[in-house]
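Presented below is the structure to which this report refers.
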Amino acid sequence: MRTLEDDLKAYYRSRRVSADPAVKAAVADRVARECADIRAERDVAFDGMPLSVAEKIRCGQVADYAAFVAGQARFMGVRSWLLQAAVVALVVFVSWADPSGTMGLFACLAGAAIAVCGLPDIFASRMCGLVELERSCKFNARSVASARMTVLACANAVALFVSSCLIAAEGEVVLVVAQVFAPYFLTVGGCLAAARRMGASGALAASAAWGSIVVAVAYGLAIKCSWVYEMASWWIWGIVVVAAAAWMLFEARRWLSDMRFSPRVLAFDSSYVNR
Amino acid sequence: MKTGSTSFDEKAMRLMVERHYEDVLAYCRRHAPVSAAEDLTQETFLRFVRRAEAYDERGKPLALLLTIARNACIDAARSAGRAPSFVELDKGLEPSQSDSYAVELESALASLPPDEREALELRFDQGLGVAEAASVMGMSRFAMNRLLKRALAHARSALAPEPKGRLK
């Protein structure tokens, strides 16, 4: 028995008017031309000579962005600041309580911990699915993420440097700085790589897991290969910190360039990823 | 269709026109004067190209095209100084009197409020899912579900007394 729904479909099908092929072809041509024009405009906008820093300052772009970054620092909440302060205090306390301990290990723990405790604030906007909404704003999801990264990176750098200075023995400051920044860069790079492809809970769990792995490796090295933390191994830390920084910058760039897509678009089963 | 810069791929856009021109044209013919329908259809595709970056692989592209077409029809109606509404089909498109059931259905649909007619059209003419039809009309999925049920109930009662064995 036919239903009303079937009848409606048949009715609408019978009402369809076939389009004039010439008009349709003309629309297709017009649309293709519009595509070409838009692409040409984009190419000019993005591949043309970029604005110099002086021009950006004159246009007020730098001041705008600086105000935006400062605003994001306010919106980030106190959680990440408290966690960072707690990590610094803990590391300083442990190094003070156990002056014979491996300072390099403490530095590694501080680097990994500080990296993990700031990431939820960076992921928040995208993971809450606000990317589509923010796309229409002057400062979109990518701006928010880059501003928060800037704020957090500056704060982390200060915290890590202060920690290094406080726990380092005389003449070992540079080595401890490398030992604190290498796991930090590694942790941030790994977390960003994981977060690009995961949903909210998955990204945070993966970040915590990756941070734990970095800490475990640092601890394992302290037990099995304690010579790694000695002054003579400074060159190893130099190589590690440079490589880790390069990886982190690469992942941060990919993260920011993907910020305009929702996590769903970048999921493993997405046609965008599997194109 | 892919997102980002690939959205400006002429070949993909030609394919989009090829696939959905009739759908958009059918919508515009019902919601704008027939003489303006072809222009509005072209305008819809041009707006789609300009907004291609906003298309995020969510649902069928037809849903976004119809949303744009709906806005284009509303804009056209505003600039013509009248409220947007369903327009009468031109004489050539009217069903023949011999197809009496089609005539009944036509008058039953004509008796429905515009939002109910539009919901039925999006669902049964354009073949959109409930969620996609809801996004075109700017309402929640649940509201669209209720609207569709109400529209079908009204259409059934408008068709009554129904021909024997015709409808369930």
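Odds and ends about this structure:
- Across segment B:98-160, the mean sequence separation of Cα contacts (distance under 8 Å, 6 or more residues apart), normalised by length, yields a relative contact order of 40 percent.
- The share of accessible area on segment B:98-160 that comes from carbon and sulfur is 54 percent, using a 1.4 angstrom probe.
- Comparing Cα centroids, segment B:11-56 and segment B:101-139 end up 19 angstrom apart.
- Listed residues A:R197, B:R117 arranged by accessible area, highest first, probe 1.4 Å: A:R197, B:R117
- Distance from the alpha carbon centroid of segment A:200-233 to that of segment A:177-193 works out to 10 angstrom.
- Note on A:Y219: accessible area is roughly 120 Å² with a 1.4 Å probe, heavy atoms of protein only.
- Accessible area per residue (1.4 Å probe, heavy atoms of protein chains only) ranks B:H154, B:H20 as B:H154, B:H20, with the largest value leading.
The values are calculated or read from the model by the stated rules, or taken from the named source; none is laboratory data. Just so you know, these numbers come straight off a predicted model, no measurement behind them. For accessibility, only protein heavy atoms count, side chains too; no ligands or nucleic acids. Shrake-Rupley method; radii C 1.70, N 1.55, O 1.52, S 1.80 Å.
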